[in-house]
Each structure stands twice: as C-alpha cells, then as structure tokens.
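S.K.: Sharing a structure, written as structure tokens. Questions coming.
The values are calculated or read from the model by the stated rules, or taken from the named source; none is laboratory data. Keep in mind that this is a model prediction, so the values were computed, not measured. Here the Cβ positions follow ideal geometry from the backbone for every residue, glycine too, while neighbour counts run over all protein chains shown. Calculation scope for accessible area: heavy atoms of the full protein, side chains included, ligands and nucleic acids excluded. Shrake-Rupley method; radii C 1.70, N 1.55, O 1.52, S 1.80 Å.
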Amino acid sequence: MEPKDLLSMNPAELTDFLTTLGEPKYRAAQMFPLLHRGLSPDEMTNLPAALKNGLREAGVWHLPVVRRKLVSAIDGTVKYLFALADGNCVESVVMRYDHGNTVCISSQVGCRMGCKFCASTIGGRIRDLTPGELLGQVIAAQKDMGERISNIVLMGIGEPLDNYDNVLKFLRLVNDPAGINIGYRHISLSTCGVVDKIDRLREENLPITLSVSLHAPDDETRSAIMPINRRWGVDKLLSACRAYFGATGRRISFEYTLIAGKNDSEADAEKLARVLNSHLRGKHDAMPIHVNLIPVNEVKETGFRHSDRAAVRRFAAVLESRGIRATVRRTLGADINASCGQLRRAEEKGE
Ligand code: SAH
C-alpha cells in the first residue's frame, strides 16, 4: 500500500488510518494536535514504539524545510523559501501587523494562469500542493517564528481555485479546533477569476474573504494581461462576485495592480468605477466595494513599469469620488523582494 500523508488527513481519516494499524480510537485525538504543532511521529513521546515503527512504513510525514529565510530590516516581514519533500520550492511570507501575524502561502508549485506581469507563472505549473503542504507552510512558519499566526492569505505562488479540492481540504484542516484553529473570517483567498470555482466556493458557504485580482476595467485591457479573461470576461466575473456576496454577505476586495501606460489612466479609473458600481450596486443591496491599488512590482522578465505616485493618487481619487473605497497597498518587505515568485525563480536559476 502507498504510504499515507499524515498532515493531509482530517481527524476522521486519521482515525481510520490508525485503526488499520491496530491502534485504539483515541490515538488520532492524541496525534492530530501534535502533528499540527509541527511534531513528527518520532518526536511524540506518548506514542508506543511499535506504532512509530509502523508509521515509518505506512505513513509519510514531511514539514516544509526552510531553504532560505529573509527578514526585512524595515518592518520585520519574513520571507521563506520552503523546500518540499520532492525538492520543489515554494514561498511563504509572514507579515507583522498590530492585530497579529499574517502568513501568505502558496497553493501550487508554479502557476498556469499566465498573467503577464507575474513572476510565478513564468515557468508554468509544476504541480499542485497537497493539503498537508498547504498546512505545512503555516505550521513551519509558526514553528520557526515561535509566534502564533492568526491570519492566512492564499496569495502566494499559484492559483488556489486551480487546486480546488486540496485548498478546500486545507481550509477545513486549518480551521479545526483541535489543530491550528484559525477562523474562516481570518482567511482570505485570492483568485485571478476562475468563475466556475467561485460559484462552487459560494456553495460551500464558508465565511472566508474573497479577493479578486481584477487589474483592468474592460475585456480588451484585461484579456491582454490576464489570459483567464478570455474564458470568463469582466461581466461574468463580476456577476459571480455579486452572487458570492449575496450568498455569504462577505465583502469582496478587488486587487488592481497599476502598470504604467496599460491600465492606470484617469479614464481607466472612471471605467472601473462605472463597471463596479453598475454590477455590484443594485437598488436594494449596496455591496461595499473595496479596491486595493498596487503599483506593479517590476519583474525583469515582464518589462512592465509601475505607475508613478501621482498617477496612483489620481486613480485613487477618481474611485473615491465615485463612492468606491480605494487604498494604496502599503509595501511590506520592500528590501527583501517580498512579492511572490521571485525568490523561487532565483533559486531555480542558481542565483
Ligand atoms: N492566483 C491568485 C493568487 C496569487 S497572486 C490571484 O491571481 O489572485 C497574488 C496577487 O499578486 C494577485 O492579485 C496578483 O495579480 C498580484 N501580482 C502578481 N504579480 C504581481 C506583480 N508583479 N506586481 C504586483 N502584483 C502582482
């Protein structure tokens, strides 16, 4: 039989698995919290030696290993390059806020969405992360920092909704009261707009926050920088957002990365305000709209330049004047290249 990944199992699966190894029912309740604190079975002093031996054959346990760690001298942001069991690497970032630590985790090794400004997609998608590897990033970061992590954002390498089942299983694992126990309201998932999966997520009825990477106000501009838009255009995407809000009542935030000369004019801002207001604000159910403006992080390979400060300010002012809250994303970890995908690429190229 294939060895089973211990960190990917939910309590029921762990119970069944340990039962097949001849263990009593209470064993899973003993192991689950310790696994989620980052202990290997060998480190668990309350397990019988025979079980530890059995687990070496029947189970696999692997926590992401810190390959590189960069700490920002400016704001204490920590960026990890984690090595997975098969040698592939992903990035996670811990940001320190007054309200607690937030970890940004990756969902895939690479990405196949092809957004033109993004470093993570340049080499395509290598593979999906398992639930245990998604969880492992949170556990390993928490263990390394020696501090509790209270918020999670799925905004690292990969498209979380392109790895739907594993991400959903992860969300339930990390929310488990016997494990890390992070509330759904403290979790955000960012998507480039995989509409059929946004619809599915709506039906799961989990009160997580959805972040939508919009980046353009119309199909022509959006399709030129985000290939997913050719499958589901701006109308379909915003309709899915509206339905998501209608069902969950959860605010959706929109990410808008400003690229000089591509999507950052005042006319673009007007168009954006118009399309958001017309899709998301019906007569009876005003949905709070929040746009995060992010001057594009310049990636060598893409050739895109970020908008200058004045353009960012003008863009924000137009949105505000149309009743849309806009914030300019504070840059954390500017000195450690904290935006995703770049460290992994440097590692692959041997830099
Ligand atoms: N695939 C998901 C999550 C990962 S990307 C998504 O698309 O939302 C996280 C955010 O970073 C997205 O909003 C993405 O569009 C943005 N992003 C990617 N490359 C960037 C860059 N070079 N500069 C600024 N933002 C970038």
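So that you can scan it fast, the table gives a plain yes or no per residue for (1) in contact with a Leu (Cβ under 6 Å, 6 or more places away or on another chain); (2) under 30 Å from R231 (Cα atoms); (3) not hydroxyl-bearing (S, T, Y):
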site	(1), (2), (3)
Y26	no, no, no
N53	no, no, yes
R67	yes, no, yes
V78	no, no, yes
G87	no, no, yes
V90	no, yes, yes
S106	no, yes, no
V109	no, yes, yes
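S.K.: When the residues of segment 150-176 are narrowed to those that are farther than 13 Å from I198 by Cβ and within 10 Å of the chain's Cα centre (by Cα), which ends up nearest to the ligand (Cβ to nearest atom)?
M.R.: In this case the residue turns out to be M155.
S.K.: If you don't mind, there's one more thing I want to ask. Mind checking which residues of segment 157-179 are in a loop (DSSP other than H, G, I, E, B) and closer than 26 Å to G233 by Cβ? Let's see the steps before the verdict.
M.R.: Within segment 157-179, the first condition is being in a loop (DSSP other than H, G, I, E, B), and the residues that meet it are 157-159, 176-179.
Across segment 157-179, the qualifying residues are I157, G158, E159.
S.K.: When E133 is evaluated against the numbered criteria (1) over 28 Å from A12 (Cβ atoms); (2) under 14 Å from the mean Cα position of the chain (by Cα), which criterion, by number, is the only one it fails?
M.R.: (1)
S.K.: In segment 185-196, which residues are open to solvent by less than 50 Å² (accessible area, probe 1.4 Å), more than 15 Å from I149 (Cα to Cα) and outside any loop (DSSP other than H, G, I, E, B)? So that I can check it myself, show each step before the final result.
M.R.: The first filter runs over segment 185-196 and keeps only residues open to solvent by less than 50 Å² (accessible area, probe 1.4 Å), leaving 187-195.
If we keep only those that are more than 15 Å from I149 (Cα to Cα) as well, we get 189-195.
Answer for segment 185-196, where residues must be open to solvent by less than 50 Å² (accessible area, probe 1.4 Å), more than 15 Å from I149 (Cα to Cα) and outside any loop (DSSP other than H, G, I, E, B): L189, S190, T191, V195.
S.K.: So, of the residues in segment 196-232 that are aliphatic (A, V, I, L, M) and touching a strand residue (DSSP E or B) at 6+ places or on another chain (Cβ under 7 Å), which turns out to be farthest from L276 (Cα to Cα)? Reasoning before the result, please.
M.R.: The first filter runs over segment 196-232 and keeps only residues aliphatic (A, V, I, L, M), leaving 198, 201, 206, 208, 210, 212, 214, 216, 224-226, 228.
Filter again for touching a strand residue (DSSP E or B) at 6+ places or on another chain (Cβ under 7 Å), leaving 198, 208, 210, 212, 214.
On the way: I198: 18, I208: 21, L210: 16, V212: 12, L214: 11 Å.
Among them, the one singled out is I208.
S.K.: So, one more: Which of (1) in contact with a strand residue (DSSP E or B) (Cβ under 9 Å, 6 or more places away or on another chain); (2) within 16 Å of the ligand (Cβ to nearest atom); (3) over 15 Å from H36 (Cβ atoms) does R96 not meet, given it meets every other one?
M.R.: Of (1) in contact with a strand residue (DSSP E or B) (Cβ under 9 Å, 6 or more places away or on another chain); (2) within 16 Å of the ligand (Cβ to nearest atom); (3) over 15 Å from H36 (Cβ atoms), only one is false for R96: (2).
Residue by residue, here is whether (1) closer than 19 Å to A85 by Cα; (2) at pLDDT below 95; (3) assigned to a loop (DSSP other than H, G, I, E, B) holds:
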{"position": "S106", "(1), (2), (3)": "yes, no, yes"}
{"position": "G123", "(1), (2), (3)": "no, yes, yes"}
{"position": "I126", "(1), (2), (3)": "yes, no, no"}
{"position": "L134", "(1), (2), (3)": "yes, no, no"}
{"position": "Q137", "(1), (2), (3)": "yes, no, no"}
{"position": "N151", "(1), (2), (3)": "no, no, no"}
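S.K.: What's the number of the condition I182 fails, among (1) within 16 Å of the ligand (Cβ to nearest atom); (2) open to solvent by less than 10 Å² (accessible area, probe 1.4 Å); (3) in a loop (DSSP other than H, G, I, E, B)?
M.R.: Here I182 clears every test but (1).
S.K.: Scan segment 210-225 and report the pairs whose first residue is in contact (Cβ under 8 Å) with a residue 24 or more places away in the chain and whose second residue is more than 14 Å from the ligand (Cβ to nearest atom) and not β-branched (V, I, T), with Cβ atoms within less than 7 Å and a gap of 6+ or a chain change.
M.R.: Taking only residues 6 or more apart or on different chains, the pairs are L210/Y244; L210/R250; P217/D268; P217/K271; P217/L272; D218/K271.
S.K.: Which residue out of L276, L272 is open to solvent by less than 30 Å² (accessible area, probe 1.4 Å) and farther than 25 Å from I187 by Cα?
M.R.: On the way: L276 fails: farther than 25 Å from I187 by Cα.
L272 is the lone residue from the list that is open to solvent by less than 30 Å² (accessible area, probe 1.4 Å) and farther than 25 Å from I187 by Cα.
S.K.: Additional query: Do we have any residue at all in segment 258-278 that's at pLDDT 95 or above, touching a Lys or Arg at 6+ places or on another chain (Cβ under 7 Å), polar (S, T, N, Q) and assigned by TED's automatic domain parsing to the domain that holds L237?
M.R.: Checking segment 258-278: not a single residue is at pLDDT 95 or above, touching a Lys or Arg at 6+ places or on another chain (Cβ under 7 Å), polar (S, T, N, Q) and assigned by TED's automatic domain parsing to the domain that holds L237.
S.K.: Of all the residues that make up segment 302-315, how many are surrounded by fewer than 13 Cβ atoms within 10 Å (Cβ to Cβ) and over 18 Å from A269 (Cβ atoms)?
M.R.: 1
S.K.: Can you name every residue in segment 19-42 that is surrounded by 17 or more Cβ atoms within 10 Å (Cβ to Cβ), touching a Gly at 6+ places or on another chain (Cβ under 9 Å) and over 21 Å from Q142 (Cα atoms)?
M.R.: Across segment 19-42, the qualifying residue is only E23.
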